[in-house]
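J.: Sharing a structure below in structure tokens format, with a few things to ask.
The values are calculated or read from the model by the stated rules, or taken from the named source; none is laboratory data. Given the structure is predicted, the values throughout are model-derived calculations rather than measurements. Heads up, the Cβs are rebuilt from the backbone with ideal geometry, glycines too, and the neighbour counts pull from every protein chain shown. We work out accessible area using only protein heavy atoms, side chains counted, and drop any ligands, DNA or RNA first. Shrake-Rupley method; radii C 1.70, N 1.55, O 1.52, S 1.80 Å.
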Amino acid sequence: MATKINATGMHYKDLNHLVSSAKDKDIIIENALGHRYIGSSAADKNIEIHGIPGNALGAYLNDCRINVFANAQDATGDTMNSGEIIIHGNCGDAAGYGMRDGKILIKGSAGYRAGIHMKEYQSHIPMIVIGEKVGDFLGEYQAGGRIIVLGIGHEDECPVGSFCGTGMHGGAIYIRTEHAPKGLPVQVKCTDASPEDIEAIRPDVEEFAASFGYNADELLKSHFFKLVPNTANPYKQLYVNN
Amino acid sequence: MPVNFFPAQFEVIRNTDKCIKCRACERQCSNEVHFYDADYDKMLTKDAQCVDCQRCVCICPTGALKIRPNENAFRESANYTQQIMIENYRQAGSGGVLLSSMGTPKDYPVYWDKILINASQVTNPSIDPLREPMETKVFLGKKPSTIKKNPDGSINTELPPHLELNIPIMFSAMSYGSISKNAHESLARAAAELGTYYNTGEGGLHKDFYQYGENTIVQVASGRFGVFKGYLEAGAAIEIKMGQGAKPGIGGHLPGAKIREDVSRTRMIPMGTDAISPAPHHDIYSIEDLRQLIFSLKEATEYKKPVIVKIAAVHNVAAIASGIARSGADIIAIDGFRGGTGAAPTRIRDNVGIPIELALAAVDQRLRDEGIRNEVSIVVGGSIRSSSDAVKAIALGADAIYIGTPALLALGCHLCRSCHSGKCNWGIATQRPDLVKRLNPEIGYQRLVNLVHAWDHEIKEMMGGMGINSIESLRGNRLMLRGIGLNQKELDILGIQHAGE
Ligand code: SF4
Ligand code: SF4
């Protein structure tokens, strides 16, 4: 059985209380309209959202699957710990802020600062796949994990905005394009993705393709750039003891 | 050989009559200053490496050692001091940003020392705390401005979440990573015994310390290190770090070298990689955005924990605090510019921010004027050095105080201001196992308890002297304060009269 919640006219606090106290694992929210913090720190739930959820969707998420059948807003998956957020539309700014495990799949485009402060440790490796384009400051301060931008439908331009990888000191960004991002910071190295790199992201792209009805093999045939930092200690040279 | 542009800053003086060449100093000094020369059968020193941490002096069994500032002097100038000259030499040699630690050593006015406390004479008799009960318990959090009634006419007694402190003193945020595990254990156990709180700082919570959760404030900073549901739920309150007094506008960079396995696991970040938490939270550009983070934390913890927003004392602190008080925060922590730090760019530490005394007075007044003082509690830190500073802070309007440096002093810190080197000889600001074990948490926690108990007793004596038997009656009671040697503008900002008035 699934719990169905009609969010019309409901305060986010009440909605989230219904979600966290629901006995069923499956929850279907209808008529979401800017309700914040849906699924915040939820664990072991399968949440389907119809309508547009508000900011900080799935913040501190634990082992939970959230499907959004519309656009999502800012701070989606903030400090996400594990689980999966699948957005069948576009996503606002700061998606995956500080996430350290789990996956965010975005069918359309994402706003500024996607994957900012994303980090990995031990066996925990977070991942974001963005189907179309993404705004400025992608992977800012990234300290781990994989960000994949597919640029679907934007094959004749670079699908990432300016200042990509600012402060990046770990992880990798893969961009499906012929047009390398311009003005990368000095500590970010941009190379053509090797066949091994493509294999490394194959499972991610396959999952994206399966979620949104694309052909992963077709997507992976294209040219990808891979961005990695060339130092894990960007500040080492900056200081002198006083 | 290249010429070194400046001499050692300290001189290690060894009384050879007393020295028994036991080489204890050599083993104790992580800066490798002392060494034994077998050819001459003599203990020698490399003075240039000494940071004046006093470890060898304290450890020497015969008291043979003394550290003195090097008396060698550059040609005197009140403008180009020797310190400024040396700093320029350092930068010319390296191209680096100057990095320092602990509070600024510069000679800025300490307003605590220009404020005097009142005492009762004849009328309104003073109270003896040894004889009569004194209340120093405080509750931090929102105080409702109206009484709400239930449908049946009874009074709704549900209150917003509060922190309950037996003593209005908490240990301020110091992260695991910047200080050692043994230092954290000492703070956690002391907080538990004292009935107050310590603060994890932004470095996550070590698994061994979840047991002290009831006495723990967990911090969330821009890097979100170690933040997850279990962490948020472990603490009694959550502090959002927006700023730090010693380095307003600057974030934290814990160098990769300090991120060993345990720190990596606790912070949930890769080993050996710099831990970067920039000053801005890149999802906060307004009070409305701050509100979003506050409520995201409240949602995640079911509105059971008060949320503290910590800011540095800066020029327009009163307006900022007013915004925070309206943002849904339960407590505002304000950190003054003389506060300590494990590492900060020297120029920031020594030049940015304002004194906590002025910031506190301005914030308290502003919130009162706007009728929202009850919306938040105010906690201040950033150089409260003694119980009398604490009494003055409370009389200026603080609900409670944060102490950082005095807590480190209790653990053995000698304010050598070298925390950023990671080689703290006292086992505090280091992750080197051989140094960490010098700090015994069993002794450390007891010393912290002693310190705070002593302060508590002094606070009660000063309160008793004023004829006040409850800390609540001291809070914001500026009539109990007088300025000494302050100009009218300073008195106006502090909201106090001059001595003799
Ligand atoms: S650094 Fe500390 S232990 Fe080493 S010589 Fe100087 S005062 Fe002694
Ligand atoms: S904590 Fe250690 S390194 Fe830092 S000032 Fe104190 S004694 Fe020096």
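J.: Specify which of the listed residues (A:Tyr97, A:Tyr37) is in contact (Cβ under 8 Å) with a residue 24 or more places away in the chain and among the hydroxyl-bearing types (Ser, Thr, Tyr).
T.: Details: A:Tyr97 fails: in contact (Cβ under 8 Å) with a residue 24 or more places away in the chain.
Result: A:Tyr37 is the single residue among A:Tyr97, A:Tyr37 that is in contact (Cβ under 8 Å) with a residue 24 or more places away in the chain and among the hydroxyl-bearing types (Ser, Thr, Tyr).
J.: For region A:50-71, what are the residues that are open to solvent by 30 Å² or more (accessible area, probe 1.4 Å), part of a loop (DSSP other than H, G, I, E, B) and away from chain B (no Cβ under 14 Å)?
T.: Listed by number, the residues that qualify are A:Phe69, A:Asn71.
J.: When region B:296-319 is examined, which residues are found to be buried (at least 17 other Cβ atoms within 10 Å of the Cβ), over 18 Å from B:Leu163 (Cβ atoms) and not aliphatic (A, V, I, L, M)?
T.: Hits for region B:296-319 are B:Ser296, B:Glu299.
J.: Got at least one residue in region B:234-248 being polar (S, T, N, Q), at the interface with chain A (Cβ under 10 Å from one of its Cβ atoms) and touching a Ser or Thr at 6+ places or on another chain (Cβ under 8 Å)? Write out each step before concluding.
T.: Filtering region B:234-248 down to residues polar (S, T, N, Q) leaves B:244.
Now restrict to residues that are at the interface with chain A (Cβ under 10 Å from one of its Cβ atoms): none.
The answer is no; no qualifying residue exists.
J.: Which of the residues spanning region A:185-242 are part of a helix (DSSP H, G or I), within 14 Å of another protein chain (Cβ to nearest Cβ) and out of contact with any helix residue (DSSP H, G or I) (no Cβ under 8 Å at 6 or more places or on another chain)? Walk me through how you get there before you give the answer.
T.: Taking region A:185-242 first, the residues part of a helix (DSSP H, G or I) are A:195-212, A:216-221, A:236-238.
Within this subset, residues satisfying the condition of being within 14 Å of another protein chain (Cβ to nearest Cβ) are A:236-238.
Within region A:185-242, A:Gln237, A:Leu238 meet the criteria.
J.: Quick one: would you say A:Gly77 is touching a Phe, Trp or Tyr at 6+ places or on another chain (Cβ under 8 Å), surrounded by 24 or more Cβ atoms within 10 Å (Cβ to Cβ) and farther than 18 Å from A:Thr3 by Cβ?
T.: On the way: touching a Phe, Trp or Tyr at 6+ places or on another chain (Cβ under 8 Å): yes; surrounded by 24 or more Cβ atoms within 10 Å (Cβ to Cβ): yes; farther than 18 Å from A:Thr3 by Cβ: yes.
For A:Gly77, the condition - touching a Phe, Trp or Tyr at 6+ places or on another chain (Cβ under 8 Å), surrounded by 24 or more Cβ atoms within 10 Å (Cβ to Cβ) and farther than 18 Å from A:Thr3 by Cβ - is met.
J.: Do you know which residues across region B:118-176 are of a type in the set (Val, Ile, Thr) and surrounded by 15 or more Cβ atoms within 10 Å (Cβ to Cβ)? Steps first, answer last, please.
T.: Taking region B:118-176 and keeping what is of a type in the set (Val, Ile, Thr), we get B:122-123, B:127, B:136, B:138, B:146-147, B:155, B:157, B:167, B:169.
Selection gives B:Ile127, B:Thr136, B:Val138, B:Ile167, B:Ile169.
J.: Just one of (1) within 14 Å of chain A (Cβ to nearest Cβ); (2) touching a residue at least 60 places away in the same chain (Cβ under 8 Å); (3) more than 10 Å from ligand 1 (Cβ to nearest atom) trips up B:Gln83, so point out which.
T.: Condition not satisfied by B:Gln83: (2).
J.: A:Ala7 - would you say it is out of contact with any Ser or Thr (no Cβ under 9 Å at 6 or more places or on another chain) and among the hydrophobic types (A, V, I, L, M, F, W, C)?
T.: Numbers: out of contact with any Ser or Thr (no Cβ under 9 Å at 6 or more places or on another chain): yes; among the hydrophobic types (A, V, I, L, M, F, W, C): yes.
Here the answer is yes, as A:Ala7 does meet what is asked.
J.: Here is a follow-up. Of all residues in region B:277-294, which are buried (at least 22 other Cβ atoms within 10 Å of the Cβ) and within 7 Å of chain A (Cβ to nearest Cβ)?
T.: B:Asp283, B:Gln292 - these are the residues of region B:277-294 that are buried (at least 22 other Cβ atoms within 10 Å of the Cβ) and within 7 Å of chain A (Cβ to nearest Cβ).
J.: Follow-up question, since we're still on this one. Out of all the residues in region B:266-291, which are in contact (Cβ under 8 Å) with a residue 24 or more places away in the chain and closer than 15 Å to B:Gly226 by Cβ?
T.: Scanning region B:266-291 gives B:Thr266, B:Arg267, B:Met268, B:Ile269, B:Ala275, B:Ile276, B:Ser277.
J.: Where the second residue is among the acidic types (Asp, Glu) and the first is under 12 Å from B:His184 (Cα atoms) and lies in region B:434-446, which pairs have Cβ atoms under 6 Å and are six or more apart or on separate chains?
T.: B:Pro441/B:Glu185
J.: Further question: Just name the residue that is farthest from B:Thr301 (Cα to Cα) out of those in region A:26-40 that are open to solvent by 10 Å² or more (accessible area, probe 1.4 Å) and outside any strand (DSSP E or B). Break it down into steps so the answer makes sense when it comes.
T.: Going through region A:26-40, the residues open to solvent by 10 Å² or more (accessible area, probe 1.4 Å) turn out to be A:26, A:28, A:30-31, A:33-36, A:40.
Narrowing the set further to residues that are outside any strand (DSSP E or B) leaves A:34-36, A:40.
Values: A:Gly34: 21, A:His35: 17, A:Arg36: 15, A:Ser40: 9 Å.
If we take residues in region A:26-40 being open to solvent by 10 Å² or more (accessible area, probe 1.4 Å) and outside any strand (DSSP E or B), then A:Gly34 is farthest from B:Thr301 (Cα to Cα).
J.: Which residue, of B:Val51, B:Val57, is within 13 Å of ligand 2 (Cβ to nearest atom) and within 14 Å of another protein chain (Cβ to nearest Cβ)?
T.: On the way: B:Val57 fails: within 14 Å of another protein chain (Cβ to nearest Cβ).
Selected residue: B:Val51, the only one of B:Val51, B:Val57 that is within 13 Å of ligand 2 (Cβ to nearest atom) and within 14 Å of another protein chain (Cβ to nearest Cβ).
J.: What are the pairs with Cβ atoms under 6 angstrom where one residue, in region B:86-105, is more than 10 Å from chain A (Cβ to nearest Cβ) and the other, located anywhere, is within 16 Å of ligand 1 (Cβ to nearest atom)? Sequence gap at least six, or different chains.
T.: Final answer for the pair search is B:Met102/B:Leu415; B:Met102/B:Arg417.
J.: Something else: Could you pull out every one of the strands (runs of 3 or more DSSP E) wholly within region B:1-100 that has 1 or more residues that are at pLDDT below 95 and surrounded by 14 or more Cβ atoms within 10 Å (Cβ to Cβ)? Quick ask: steps written out before the conclusion?
T.: Values: elements: B:10-14, B:34-37, B:42-45, B:65-69, B:97-100.
In region B:1-100, B:97-100 are the strands (runs of 3 or more DSSP E) which contain 1 or more residues that are at pLDDT below 95 and surrounded by 14 or more Cβ atoms within 10 Å (Cβ to Cβ).
J.: Evaluate region B:369-385: report whether one residue or more is part of a helix (DSSP H, G or I), surrounded by fewer than 24 Cβ atoms within 10 Å (Cβ to Cβ) and in contact with a strand residue (DSSP E or B) (Cβ under 8 Å, 6 or more places away or on another chain). Spell out how you get there, then give the answer.
T.: Filtering region B:369-385 down to residues part of a helix (DSSP H, G or I) leaves B:369, B:373-375.
So of that shortlist, the ones also surrounded by fewer than 24 Cβ atoms within 10 Å (Cβ to Cβ) come out as B:369, B:373-375.
Subset that is in contact with a strand residue (DSSP E or B) (Cβ under 8 Å, 6 or more places away or on another chain): none.
For region B:369-385, residues part of a helix (DSSP H, G or I), surrounded by fewer than 24 Cβ atoms within 10 Å (Cβ to Cβ) and in contact with a strand residue (DSSP E or B) (Cβ under 8 Å, 6 or more places away or on another chain): absent.
J.: Between B:Asp350, B:Asp389, B:Asp335, which is out of contact with any Leu (no Cβ under 9 Å at 6 or more places or on another chain), closer than 20 Å to B:Thr136 by Cα and in contact (Cβ under 8 Å) with a residue 12 or more places away in the chain?
T.: Working: B:Asp350 fails: closer than 20 Å to B:Thr136 by Cα; B:Asp335 fails: closer than 20 Å to B:Thr136 by Cα.
Within the list B:Asp350, B:Asp389, B:Asp335, the selection yields B:Asp389.
J.: Which of the residues spanning region B:422-433 are within 7 Å of ligand 2 (Cβ to nearest atom) and over 9 Å from B:Ile179 (Cα atoms)?
T.: Within region B:422-433, the first condition is being within 7 Å of ligand 2 (Cβ to nearest atom), and the residues that meet it are B:424-426, B:428-429.
Correct list: B:Cys424, B:Asn425, B:Trp426.
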